[in-house]
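The values are calculated or read from the model by the stated rules, or taken from the named source; none is laboratory data. A quick note: this is a predicted structure, and the numbers were derived from the prediction, not measured. No Cβ is skipped: glycine too gets one built from the backbone with ideal geometry, and neighbour counts run over all protein chains shown.
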Amino acid sequence: MNLPKELRYTEEHEWVKTESDNKVRVGITDFAQSELGDIVFVELPEVGDKIEAGQPFGSVESVKTVSELYAPVNGTIVEVNGSLEESPENVNDDSYGDGWMIVVELDDAAQLSELLSDEQYKQSIQ
Amino acid sequence: MEQLKRTALFDAYKDQAKLVPFGGWEMPVQFSSIKEEHEAVRTRAGLFDVSHMGEVEVSGPDALALVQKLTTNDASKIAIGQAQYTLMCYPDGGTVDDLLVYRTGEQKYLLVINAGNIDKDVDWIQQHTTGDVTVTHISDQVAQIAIQGPLAETILQRLTEEDLSSLRPFTFLNDVMIGGVPILISRSGYTGEDGFELYFESKQAPAIWNLLLETGKEDGLLPCGLGARDTLRFEAKLPLYGQELSATISPIEAGMGFAVKVDKGDYIGRDALALQKEQGAPRKLVGLEMIDRGIPRTHYPVYQGGELIGEVTTGTQSPTLKLNIGLALIKSEFAVLGEEVEVEIRGKRVRAKIVKAPFYKRAK
């Protein structure tokens with residue numbers, strides 16, 4: 001299973017990558033994309049929207065199912081991956097790269113310490 | 001929770017497929033990818049385990065009378081070697097199930113029913129059985145494999161001397177020997193493509209499954225799951241019980257009026273269905289294509305001018321057309337081609353238009 005060590009994770013299958021002191025990039029894990037199957041639609045918030053940890057911030061749809069995306073942290077959206085509108089399959093093909101979803105400016109950087117390590121996430125899905 | 005049932009093929013593919021519960025069964029939803037499997041069936045061929053489907057044999061001097069009483073189509077038109085699509089209805093016209101009836105002998109019929117409805121259907125059939133007729137529930141003894149797609153005939157033909165090119169749609173050959181197993185080969189399916197459905201003794205299922213996969217390998221035959229089966233049947237506007245058909249949806253509403261004969265004599269549901277044919281059904285199944293971003297999904301409400309007019313029965317992104325489309329059951333007066341409606345997706349109403357369905361028809 002592909003779970004990069006440098007990332008942090010949530011039980012809801014998001015990954016979180018620290019970009020700078022107060023910004024993180026967020027997407028869904030390789031495990032999640034593989035469980036969903038062919039992803040055909042991604043709905044994301046807009047730049048400026050506030051998100052709250054544990055609350056839905058968007059959704060991802062495969063041919064067969066709709067799944068909510070849950071915010072890993074509190075913060076404000078500063079960037080959205082607009083290319084997923086045209087190419088949602090990027091989430092399948094490169095979930096930690098081109099398949100990223102949002103960049104969030106954190107309300108409180110200390111929140112990152114509550115996220116799971118790769119090992120902890122691995123245990124949560126076993 | 002009730003233990004999920006498994007078909008005789010379960011062990012043959014359990015390590016190669018993603019498994020899900022479906023109608024009380026643990027079934028493969030996909031092997032490689034729904035999109036790839038879907039495309040294989042549209043352009044080459046796909047192999048499906050559909051052994052979860054139910055089979056009931058009806059035989060005896062009053063067999064035809066029983067089938068006629070239970071079903072909406074005219075079973076007296078079925079010659080030996082032919083199959084017919086038909087439905088069983090409640091007295092109010094709601095649907096018990098849709099099924100295929102095969103005439104296998106002078107006084108013998110094979111009814112093929114939906115997996116999730118087996119217990120209910122068998123009860124219903126037995127409850128209405130009168131006269132000199134024997135009803136035998138044989139689901140556990142029968143395996144069913146479907147091979148579907150433009151290359152299905154080519155692949156299957158390699159395994160038999162019987163001339164499959166002369167087998168017309170909705171006809172079948174009985175006891176065709178393939179891999180040493182007598183098989184009922186029916187030219188039929190649930191994908192909108194040419195293809196065959198094979199019925200035989202369930203013990204032989206793994207051997208036949210593997211033989212077919214091996215034989216079709218060079219042609220790009222793929223094992224397919226229920227996910228692709230659903231997107232394929234949806235594009236072809238073939239109804240799925242529980243979505244397009246139910247106890248509260250009549251065959252007329254679902255657009256299956258061609259299989260409802262009101263002049264064949266009395267049967268269960270006839271009066272209600274005759275009235276719907278004459279006066280028009282209250283609701284109609286229509287195609288929807290999204291104008292705004294979004295994918296319509298089962299049970300999403302449909303509005304026009306602020307009025308709730310119905311709901312989506314099935315929807316997805318069509319793998320063949322790459323469009324976000326759906327089928328919706330709406331009040332008949334709103335079923336006008338080209339009209340704009342709104343689908344409520346997660347609390348937000350977005351625009352769609354009523355379009356022609358089926359979305360896909362194969363070139364003949």
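Within the range B:26-36, which residues are surrounded by 20 or more Cβ atoms within 10 Å (Cβ to Cβ), more than 10 Å from chain A (Cβ to nearest Cβ) and not aliphatic (A, V, I, L, M)? Steps first, please.
Within the range B:26-36, the first condition is being surrounded by 20 or more Cβ atoms within 10 Å (Cβ to Cβ), and the residues that meet it are B:27-31, B:33-35.
Pick out the ones that are also more than 10 Å from chain A (Cβ to nearest Cβ) and you get B:27-28, B:31.
Of everything in the range B:26-36, those that are surrounded by 20 or more Cβ atoms within 10 Å (Cβ to Cβ), more than 10 Å from chain A (Cβ to nearest Cβ) and not aliphatic (A, V, I, L, M) turn out to be B:Pro28, B:Phe31.
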Listing of strands (runs of 3 or more DSSP E) fully contained in the range B:257-364 that carry 2 or more residues being within 14 Å of chain A (Cβ to nearest Cβ) and crowded, with 17+ Cβ neighbours inside 10 Å: B:307-317, B:324-331, B:340-345
Restricting the range B:182-206 to residues that are in a strand (DSSP E or B) and of a type in the set (Gly, Ala, Ser), the residue that is farthest from B:Lys364 (Cα to Cα): B:Ser186
Given (1) within 30 Å of B:Thr313 (Cβ to Cβ); (2) at pLDDT below 95; (3) charged (D, E, K, R), index of the condition A:Glu61 fails: (2)
Single residue of B:Gly81, B:Gly93, B:Gly54, B:Gly23 found to be within 30 Å of B:Ala272 (Cα to Cα) and more than 19 Å from the chain's Cα centre (by Cα): B:Gly93
Residue selected from the range A:12-41 under the condition within 14 Å of another protein chain (Cβ to nearest Cβ) and part of a strand (DSSP E or B), by the criterion farthest from the chain's Cα centre (by Cα): A:Val40
Members of the range B:212-225 that are out of contact with any Pro (no Cβ under 7 Å at 6 or more places or on another chain), touching a residue at least 40 places away in the same chain (Cβ under 8 Å) and assigned to a helix (DSSP H, G or I): B:Leu212, B:Thr215, B:Gly216, B:Asp219
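So if I check each of A:Gly99, A:Gly58, A:Gly75, which one is touching a residue at least 12 places away in the same chain (Cβ under 8 Å), of a type in the set (Gly, Ala, Ser) and within 12 Å of chain B (Cβ to nearest Cβ)? Show your work before the answer.
On the way: A:Gly99 fails: within 12 Å of chain B (Cβ to nearest Cβ); A:Gly75 fails: within 12 Å of chain B (Cβ to nearest Cβ).
Of A:Gly99, A:Gly58, A:Gly75, the one residue that is touching a residue at least 12 places away in the same chain (Cβ under 8 Å), of a type in the set (Gly, Ala, Ser) and within 12 Å of chain B (Cβ to nearest Cβ) is A:Gly58.
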Any hit, the range B:49-70, residues being closer than 23 Å to B:Leu226 by Cβ, basic (Lys, Arg) and either assigned to a helix (DSSP H, G or I) or at pLDDT 95 or above (or both): no
Yes/no for A:Glu68 being outside any helix (DSSP H, G or I), within 12 Å of another protein chain (Cβ to nearest Cβ) and of a type outside the set (Gly, Ala, Ser): yes
Test for A:Val73: is it in contact with a helix residue (DSSP H, G or I) (Cβ under 8 Å, 6 or more places away or on another chain), crowded, with 18+ Cβ neighbours inside 10 Å, aliphatic (A, V, I, L, M) and outside any helix (DSSP H, G or I): yes
Qualifying position, being within 27 Å of B:Arg42 (Cβ to Cβ) and of a type outside the set (Gly, Ala, Ser), among B:Lys322, B:Lys331, B:Lys348: B:Lys322
